[in-house]
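One structure below.
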2 protein chains.
Amino acid sequence: GKGDTCSGEPSIDFPVSVVLPAGGTGERTGLHTPKQFCSLLGRPLISYTIQAFERVSWIQHIVVVVAKESMGLMADIIQRFQHHKVLVVSGGSTRHRSICNGVLALDEEGTAPDRPRVVIIHDAVRPFVEEGFLREIAVAAKDHGAAGAIRPLVSTVIATTSEGFLDHSLERAKYRASEMPQGFTHHVIRQAYQRCTEADFEFGTECLHLALQYCGTNAKLIEGPPTLWKVTYKKDLAAAESVLKESLSESACMITGGRTAAAALAEAFQKAAGALHMGLDPIPDVTAENSRYLLKESNFIQVSINGHCLSEVEALIKALEEANPAALHPLVIIWMRVLTEDEASDSSTAAPTSALLDMASTAKLHQILLYGIQFLQSKDSERWQRSVTRAAEITRTLIRERSPALVGQLLQA
Amino acid sequence: GKGDTCSGEPSIDFPVSVVLPAGGTGERTGLHTPKQFCSLLGRPLISYTIQAFERVSWIQHIVVVVAKESMGLMADIIQRFQHHKVLVVSGGSTRHRSICNGVLALDEEGTAPDRPRVVIIHDAVRPFVEEGFLREIAVAAKDHGAAGAIRPLVSTVIATTSEGFLDHSLERAKYRASEMPQGFTHHVIRQAYQRCTEADFEFGTECLHLALQYCGTNAKLIEGPPTLWKVTYKKDLAAAESVLKESLSESACMITGGRTAAAALAEAFQKAAGALHMGLDPIPDVTAENSRYLLKESNFIQVSINGHCLSEVEALIKALEEANPAALHPLVIIWMRVLTEDEASDSSTAAPTSALLDMASTAKLHQILLYGIQFLQSKDSERWQRSVTRAAEITRTLIRERSPALVGQLLQA
Ligand SMILES: [Mg+2]
Ligand SMILES: [Mg+2]
C-alpha cells in the first residue's frame, strides 16, 4: 500500500526497529564529552540522530545503547527534547556487545506480533541519514537477509610489511568502504549473535561479516549519499554545525502587520535577501492560516514602522513559545525598526536599547534568539536601497550564525 | 648542522622541493569553484597550503600544477598573497600527468646543483600540514627512496561481488589508508614516470605504487596526524574555516593607553576572557617593543575611557596597515568604549555611530574588521562585573565569527 509516504515510493508494510549504539568515548574528537553528546546549537548530536529516525513513520522503536554512566544523561535528553520512540539500554564492553544488548532489548519489547521484521543498525554520530535511504536498506534487508551502506574509498588502501614499508596497494575499484546504516532481518541478526564467538564479540567490527560467517548471508550493498558521514573529530562537529546552520538559514518569514509601508519594504527586502540566497515569505501576521509558520519556520522578521512596537515582538515570542514548547533548534526573531526621518531627529523616539536587551535575555531562556536592526526610511532612494541591502546582509549573518552572545543588540543598517 | 630549526630536530641539509597538484575540478564539494580555490576567510584554500610550505625554511621551490583555465587565477593569488617560492605549471589530463609535469618543471628550474634531492608531493586541499611531519617524510624519502603518510582506516573495507553483494571484509588491522604528503628522491620519482605505461598515467592513483613497480622501491610508511585530512566536500570547507577561526581566536591584545582605569578594566577583562578560553595581553600601546604585536597578533581591543577617542582606533588601523600590507587573514579591532555615568547622561557624548560605521567600511577594504562595544563604568560592582563578562562574551563571538556584515556596529555590554 501507499499510506503515509510522500515520495511515491513503496511504503514499508513490515515492522522495522532501530538499534543505535552510542557507547563510544569520543577520544578522537579531542574533547572531554563523548562526541554523541556534544552540543550542536544547544542540542546534543545524538538527539538529531534520534529525530532522523523518529520522523520516519514506519519505524517503531529506537533502542539507544549507552554506557552505564551515561544512562542519566540520556534520560535527560529524551525528556528535554521530547523523544517518544526511544528505549535506553545499558551497553556492553565492546561495540558488538552493545549492539547485541540492543537487539535483545527489542525481543523483550512488546509481544511477538510487535517484533521487528527488520532491525536497522546505525551510528549515533551520523545524524544526517534520510528516510529514502533507510527505506532502501530496510527493503533490501528484508529481501536478502542483510544490507549495508557503502561509499567509494576516499584514499588508496595499502598493506604494510611488519617493518612499516609498503607491501602492496589495493586496486581501488574493487573495494568499498562499509558505512552505516545496515539492516538485517531480526532472524539473521539474532542468529549471528547467538552463534558468534567471544573473539568476535571482543574484536569484531562488522555486523555484515557476522551475518556472512554465521548465517551464510551475503549482504546486499547499496551506495549511500555523502551525507552519511560520521562525526569523528572535533572539526567534524564544526562541519555538522555548519550543515545544520545552513539548513536553518535558507528562509525567513517577514511579518508586515499588513501595513502598506511594511509591504513595500518586504518587497525590496525580498530581492536583497534573494541575492544572498535566502528565501523570504512576507505575511501580515501569524494568525489563522499563517499560524502554520510558527511551526515550520525557524526565522522571523518583525517589521515595525511608526513607533517602537516592541509589543509586537513580545506577542510573537509568546505565540512561538505556545506553538513550540520544546523547540528543537533555537529560533531567531529579528526586530526590524524603520524610522522616518522625523522620528530619527526626535529624541522621544530614542532606541529602546535596554528594553530590547531585557526582552532578549528572557527569550533566550526559551531558545528564542532576538536581535534588532534599525534604519532610516530615507526619501533618497539610493540611500534607502543601501540600507535595505545592508539590513539583508546583517539579517543573513544573524540568522546564519545564531550567536547567543549578540542577542538584544540593536544594529544599524 | 642545526641552523634555522627551532625544534631541536636535525635540520634538513639537502635540497627539497614540492609539487602540488591542484588541477581538480572539485565536483564532490557540490560547488562551482574547484575546492582548492574556494575562499576561507577571504583567502583561497590553496594559498593556505602554499603558505604551509613557504614558511618551512628548508623547502626551495613549490611547483603548483593547475588546469590551463586556472593559470590566470593562480597568478592573481600568488601576487595578492605575496607568495614567493611558487612556480605555476599547466596540468595534464590526469593526476599522474599533472604530477609528472610538476616534476619535469623542477628539472628545468635552475642548474644541476640546485636540483632537489627529495621531491615532496602533496594535495592542495590539505592545508594543515606541519613542518615536523614534512621533515619526517623528507628524511625517510632520502633514506629509503620513497616515503608516504598513512592513517588508520576509518571504515571497514569490503570487497563486493559483481552483483553488488558482500564478498568479504578486509581485516582492518592489516591495512592503512595512504594519504599525503609523500616524498621521493628526485631519482626515483623521475625514473618511475619515465618507465610507467600510458595505462598508469591514465588510471593510476598512487605514486608509491609506481615507485614500487618501476623502481623496486618499497616506500617507508609513516603514520601522520589527523590534521592531514583532505577538504573533499562542502562540509569540509566549513570544518577548515572553523579550524582556522579557532586558531585565530585564541588570544587578543588589549591596548590600554597606559591609563589606570583602563589597566583595571584589562585585569577584570582578562579573567572574564580566560573563562572563555581566550588569552589576553594588556599593553599600553603598540610602539617600541610592543610593535611586534602588530605582526604576531590577529585581534586588538582598543580601550577608550573618557571621551570618544576614535582617533586612537584610526591610529591603530594605520599602524596595522603599515606593518601588515598583505595580511593573510582578516584582523579584528574591537573599540571598547567605557562611559562614566556622567558621560552616559550627557547628550554631547552620544555614540559616534556613523563615524564608526564609516571608519569600519574603509578598514574592511584593507582586511581589518572593526567593531565597537560600549558599556557603563558603573560604581555598582555587581553591575560592572556583569558588563565586563558580557563584553568578554561579545568580544569572543566577534573575534570567533569575524563576520564582515557586522563591522562598524556599536554593541551594548
Ligand atoms: Mg591518494
Ligand atoms: Mg563500520
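For B:ILE368, the test of being at pLDDT 95 or above, touching a Pro at 6+ places or on another chain (Cβ under 8 Å) and closer than 30 Å to B:TYR48 by Cβ is passed.
Helices (runs of 4 or more DSSP H) wholly in the stretch A:299-413 with at least 1 residues that are under 18 Å from A:ARG259 (Cβ atoms) and touching a residue at least 60 places away in the same chain (Cβ under 8 Å) - which ones?
Fully inside the stretch A:299-413 and qualifying: A:310-323, A:381-401.
The C-beta contact set for the stretch B:177-205 (first residue more than 16 Å from ligand 2 (Cβ to nearest atom), second residue outside any loop (DSSP other than H, G, I, E, B) and open to solvent by 30 Å² or more (accessible area, probe 1.4 Å), distance under 6 angstrom, 6+ apart or interchain) comprises B:GLU179/B:ARG151; B:VAL188/B:CYS215; B:GLN191/B:CYS215; B:ALA192/B:TYR214; B:ALA192/B:CYS215; B:ARG195/B:TYR214; B:CYS196/B:TYR214; B:PHE201/B:ARG97.
Note on the stretch B:206-217: among residues that are touching a helix residue (DSSP H, G or I) at 6+ places or on another chain (Cβ under 6 Å) and not small (Gly, Ala, Ser), the one that is nearest to ligand 2 (Cβ to nearest atom) is B:LEU210. Would you check if A:ALA199 is more than 8 Å from chain B (Cβ to nearest Cβ) and more than 23 Å from A:ILE59 (Cβ to Cβ)? Spelling it out, A:ALA199 is indeed more than 8 Å from chain B (Cβ to nearest Cβ) and more than 23 Å from A:ILE59 (Cβ to Cβ). In the set A:VAL188, A:VAL243, only one residue is open to solvent by 40 Å² or more (accessible area, probe 1.4 Å), among the aliphatic types (A, V, I, L, M) and within 13 Å of chain B (Cβ to nearest Cβ); that residue is A:VAL243. The strands (runs of 3 or more DSSP E) found entirely in the stretch A:78-173 that carry 2 or more residues being in contact with a Lys or Arg (Cβ under 7 Å, 6 or more places away or on another chain) and hydrophobic (A, V, I, L, M, F, W, C) are A:146-151, A:156-160.
Taking the condition closer than 19 Å to B:SER17 by Cα, at pLDDT 95 or above and within 22 Å of the chain's Cα centre (by Cα), does B:ARG126 pass? The answer is yes for B:ARG126. For the residues B:MET254, B:MET336, B:MET278, the requirement of being in contact with a Pro (Cβ under 7 Å, 6 or more places away or on another chain) and at pLDDT 95 or above singles out B:MET254. Hey, among the residues in the stretch B:205-224 that are open to solvent by 30 Å² or more (accessible area, probe 1.4 Å) and more than 8 Å from chain A (Cβ to nearest Cβ), which one's nearest to the chain's Cα centre (by Cα)? Among those residues, the one meeting the criterion is B:GLU223. Restricted to the stretch B:167-185, and to residues there that are within 8 Å of another protein chain (Cβ to nearest Cβ) and within 16 Å of ligand 1 (Cβ to nearest atom), the residue that is farthest from A:ALA159 (Cα to Cα) is B:GLU179.
Is it the case that A:SER345 is more than 30 Å from the chain's Cα centre (by Cα), under 19 Å from A:ILE283 (Cβ atoms) and surrounded by fewer than 16 Cβ atoms within 10 Å (Cβ to Cβ)?
Taking the combined requirement at face value, the residue does not satisfy it.
Of all the residues in the stretch B:141-154, those that are at the interface with chain A (Cβ under 10 Å from one of its Cβ atoms) and away from ligand 1 (no atom under 16 Å from the Cβ) number 1. Considering only the stretch A:226-282, state which residues are of a type in the set (D, E, K, R) and in a helix (DSSP H, G or I). Those that are of a type in the set (D, E, K, R) and in a helix (DSSP H, G or I): A:LYS234, A:LYS235, A:ASP236, A:GLU241, A:LYS245, A:GLU246, A:GLU267, A:LYS271. On inspection, B:ILE399 fails the criterion of being β-branched (Val, Ile, Thr), at the interface with chain A (Cβ under 8 Å from one of its Cβ atoms), touching a strand residue (DSSP E or B) at 6+ places or on another chain (Cβ under 6 Å) and crowded, with 20+ Cβ neighbours inside 10 Å. Selection of first residues in the stretch A:207-220 that are assigned by TED's automatic domain parsing to the domain that holds A:VAL103 and of second residues that are of a type in the set (Lys, Arg), restricted to Cβ pairs under 9 Å at least 6 apart or on distinct chains, gives the following pairs, ordered by first then second residue: A:LEU210/A:ARG195; A:GLN213/A:ARG195; A:TYR214/A:ARG195; A:CYS215/A:ARG195. Looking across the stretch A:121-173 at every residue that is under 30 Å from B:LEU212 (Cα atoms) and among the acidic types (Asp, Glu), the one that is farthest from ligand 2 (Cβ to nearest atom) is identified as A:GLU163. Evaluated against (1) at the interface with chain B (Cβ under 10 Å from one of its Cβ atoms); (2) touching a Pro at 6+ places or on another chain (Cβ under 8 Å), A:GLY408 falls short on exactly one condition, (2).
The values are calculated or read from the model by the stated rules, or taken from the named source; none is laboratory data. Bear in mind that the values here come from a model prediction, so they are computed numbers and not experimental data. For neighbour counting, all protein chains shown are included, and Cβ atoms are generated from backbone atoms with ideal geometry for every residue, glycine included. In case anyone asks, the SASA skips ligands and DNA or RNA and just uses the protein heavy atoms, side chains included. Shrake-Rupley method; radii C 1.70, N 1.55, O 1.52, S 1.80 Å.
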